[in-house]
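The structure appears right after this line, and notes come after that.
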Amino acid sequence: MSRIASTTVLHKIPLAFLPTPLEPLSRLSAHLGGPEIWVKRDDCTGLGGGGNKTRKLEYLMAAAVAAGADTVITAGALQSNHARQTAAAAARQGLRCILVLAAAVPGRGTCYDANGNMLLDRLFGAEMHLFPTGADLDAEMAKICADVSASGATPYLIPIGGSNGIGALAYAVAMEELDLQCREHALAFDHIVTATGSGGTQAGMIVGARLAGIAAPIHGISVSASSADMQAKLERIAEQTLELLPGAGGARPILVDDTFVGPGYGQPTDAMWEALSTCARLEGLLLDPVYTGKAMAGLFAYIRSGRVGAQERVLFWHTGGAQGLFGYEDYLTPKA
Ligand SMILES: *Cc1c(COP(=O)(O)O)cnc(C)c1O
């Protein structure tokens with residue numbers, strides 16, 4: 001039995017295709033003149049289009065079912081991949097799904113409001129409650145939760161991004177999966193790079209890396225919060241995860257970088273567009289404008305500055321999100 005499974009008190013409902021593939025990106029490596037770049041394909045978790053939230057939902061949906069819930073409630077931006085994967089997981093589990101969504105990104109067109117993840121949320125049969133930019137989604141979720149309870153149903157509240165100890169636990173376990181694949185391929189990584197938003201993914205990876213003995217620094221590329229705010233959030237979620245995984249001690253520095261956010265959450269940058277289109281054209285690999293495009297822009301910059309050395313080996317942990325591309329049709333249509 002794995003180190004984590006043997007200490008874990010929580011169960012999961014299988015929803016994802018695991019292990020996700022681990023692939024080299026040799027044409028991208030050659031293009032950037034150096035490091036061996038690999039990608040961990042968590043965009044291929046399968047459920048409802050896939051992405052990193054599916055791993056978290058394996059544990060969160062199990063907790064919902066264990067609590068006797070008949071309804072799950074969660075929140076996010078209109079183009080939230082987390083909301084879309086929650087809607088798919090609820091459909092598969094036969095639970096009612098309520099999504100509390102905010103416009104979140106100024107200046108987007110009608111495709112942002114109706115296409116991409118929004119179209120898929122509807123298809124999965126989720127009920128959507130829409131709020132303007134800046135709405136307090138936690139407060140709105142609490143209100144809806146109270147109404148659902150008052151109606152006699154049993155709601156289960158999943159936090160934004162599924163980022164609490166239960167959700168992050170999935171990424172602690174995922175580090176064991178990575179460790180096993182590294183042994184199979186007889187390779188070790190010098191760096192791991194991933195997008196960080198609500199924090200559960202990176203926090204879980206940090207905890208799991210300690211347990212699995214993976215020494216590579218885990219660089220979180222923030223897509224919204226400042227490095228300081230994100231660091232505090234990651235510490236909090238890592239602590240919650242450690243409560244579920246006693247024995248994973250030994251603090252390591254948390255690396256998070258807000259250099260690539262640009263004007264704000266979900267707002268495109270030139271560096272994101274360069275990274276996204278380069279990966280599409282050289283590798284047939286789809287990234288997204290909100291998360292993985294900016295994270296890959298971070299990796300490009302780290303390689304160009306020498307922070308990731310030409311002789312090193314780096315893992316880009318793909319977290320999904322390509323469905324969100326269809327909310328950016330106006331931006332992605334060539335202007336020339
Ligand atoms: C949610 C999300 C992330 C960020 O994961 P967090 O656990 O919220 O930090 C990264 N990439 C994609 C595509 C996402 O949907």
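No lab work stands behind these numbers, since they all come straight from the coordinates. As the structure is a computational prediction, the values presented were derived from the model and not from experiment. Note that each Cβ is placed from the backbone with ideal geometry, even for glycine, and that neighbours are counted across all protein chains shown.
Summary of values
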quantity	calculated
Extension gain, ASP229 back to ASP270 (0.36 nm per residue minus Cα-Cα distance, nm)	12.3 nm
Theoretical ellipticity at 222 nm over the chain - DSSP helices of four or more residues, -39500 (n - 2.57) apiece, nearest 500	-13500 deg cm²/dmol
PHE17 paired with ALA30, simple spin-label distance in nm, labels 7 Å along Cα-to-beta-carbon	2.7 nm
Only Lys, Arg (+1) and Asp, Glu (-1) charged, at Cβ; segment 204-336 dipole about Cα centre in debye	340 debye
Backbone N within segment 98-117 under 12 Å of label point (7 Å from THR333 Cα along the Cβ vector)	109-111
Dipole magnitude of the chain, debye to nearest 20 (Cβ charges: Lys/Arg +1, Asp/Glu -1, about Cα centre)	360 debye
Dipole of segment 203-285, positive direction: furthest Cα of GLY208, GLN231, PRO246, with charges on the beta-carbon	PRO246
Per-residue Cβ neighbour rank within 10 angstrom, fewest leading, ARG92, ARG281	ARG281, ARG92
Likely footprinting exposure, ASP288, ASP138, fewest C-beta neighbours within 10 Å first	ASP138, ASP288
Spherically averaged projected area in nm², based on the convex hull that wraps the Cα atoms of the chain	16.2 nm²
Segment 1-155: Rg to Rh, with Rh as the Kirkwood radius over Cα pairs	1.05
Among CYS111, CYS145, CYS182, residue whose mean-square fluctuation peaks in a GNM of the chain (springs only between Cα atoms under 10 Å)	CYS182
Exposure proxy ranking, count of Cβ atoms within 10 Å, fewest first, for TRP38, TRP273	TRP273, TRP38
